[in-house]
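Have a look at the structure below, then the notes.
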Amino acid sequence: MSDAIATKPEFEFIGKYIITADIKLKTGLHIGGTEEGFDIGGIDNPVIKDKVTGLPYIPGSSLKGKLRSLIEWAHGKIDIKKNDKTKEWEGNLCTKPNEPIGIVFGVPAENHKDDLPGPTRLAVRDAYPDENQIKKWQDAMGEKIYTEAKTENAIDRLTSAANPRSMERVPADSIFKEEFVYDVYKKDDVSNLKLLFEGMMLLEDSYLGGGGTRGSGKIEFTNIQITARDKSYYLGNGQVVLTVNQNGKNKAKDIFDNFGSVFPELK
């Protein structure tokens, strides 16, 4: 038996942190969807919507990918170089499974050959509006109308010819309900969770979705609430839910700056 097979990974399910937050749109949000066909005179750049309800939502994949990208850039984990043979630019992202970013956000399966990171720690749910937000849209815009159309003009800088285009957006001041689930399998997983709040801070000063350099996609995380559950909660041994003393801290930066005092240790 090889050493790799004989060595037992030191992972044990300890518990979970459930982190909920409101994603408040400071400007209109466009995360593109797909449409089968189009209506004459309709918007040719629609937002993604739930196929059953028609409600716009924020895909967890879009949010998680943006958070990860911003963190990778901030930590200098993006390596861009030109291929000597193809002369094309290539980029290497953070794919090392034993680094905090890979542990928290996950890495491709082919990168598990030498180091086993265990399960991906962070799960990011799709974010949907609640009933209050749906009513607010309909009161302001009409029955089953949840979005606005933003018309832009692409101006040819040589001829000054205008090329108008429309983009569908979820209007500013809308709120989506987000949930992050963070699994703990090692003691140092708790400290790695700080990356999530770092990513939130970075995203608040960047943008989500398309059109971000033209005014869309500015967001803010508000009303952040944290619940800690150790494994006894799930195994029926006492239903333990650990108290998280946030001391009124419900913004990403406040939690990041006071991380050590906010998060209880899971037993």
Around residue 123, what is the net charge, scoring Lys/Arg as +1 and Asp/Glu as -1 over all other residues with Cβ under 12 Å from its Cβ?
-> 0
Which net charge results when you count Lys and Arg as +1 and Asp and Glu as -1 among the other residues whose beta-carbon is under 9 Å from that of residue 262?
-> 0
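Given a Förster distance of 35 Å, report the FRET efficiency between residue 18 and residue 86 from their Cβ-Cβ distance, rounded to the nearest 0.05. Walk me through the numbers before you get to the answer.
Numbers: r = 46 Å, r/R0 = 1.30.
After rounding to 0.05, the efficiency reads 0.15.
Could you rank the peptides 57-65, 23-31 by their average count of other C-beta atoms within 10 Å per residue, with the highest value first? Kindly include the intermediate steps, with their values, before the conclusion.
Working: 57-65: 18.2, 23-31: 21.0.
Packing proxy ranking, top to bottom: 23-31, 57-65.
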Describe numerically, in nm with one decimal, the distance between label points set 7 Å from Cα along Cα→Cβ at residue 166 and at residue 194.
-> 4.9 nm
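Distance check, please: which entries in 51/218; 66/87; 77/186; 64/194 exceed 19 angstrom between their Cα atoms?
With Cα atoms farther than 19 Å apart: 51/218; 66/87; 77/186.
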Residue-span extension gain [residue 53 to residue 220] - 0.36 nm each, minus C-alpha spacing = 57.6 nm
In nanometres, the difference between 0.36 nm per residue of separation and the alpha-carbon distance of residue 231 and residue 78 is 51.5 nm
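Mind ranking 13, 180 by accessible surface for me, highest first, 1.4 Å probe?
On the way: 13 60, 180 0 Å².
Solvent-accessible surface, decreasing: 13, 180.
How much net charge surrounds residue 88 when only other residues with a Cβ under 11 Å from its Cβ are counted (Lys, Arg +1; Asp, Glu -1)?
On the way: positive: 81, 82, 85, 87; negative: 84, 90.
So the surrounding residues net to +2.
The values are calculated or read from the model by the stated rules, or taken from the named source; none is laboratory data. Since this is a predicted model, take the numbers as computed values, not measurements. All Cβ positions, glycine included, derive from the backbone under ideal geometry; neighbour counts span all protein chains shown. Areas reflect the complete protein model, heavy atoms only, side chains present, ligands, DNA and RNA absent. Shrake-Rupley method; radii C 1.70, N 1.55, O 1.52, S 1.80 Å.
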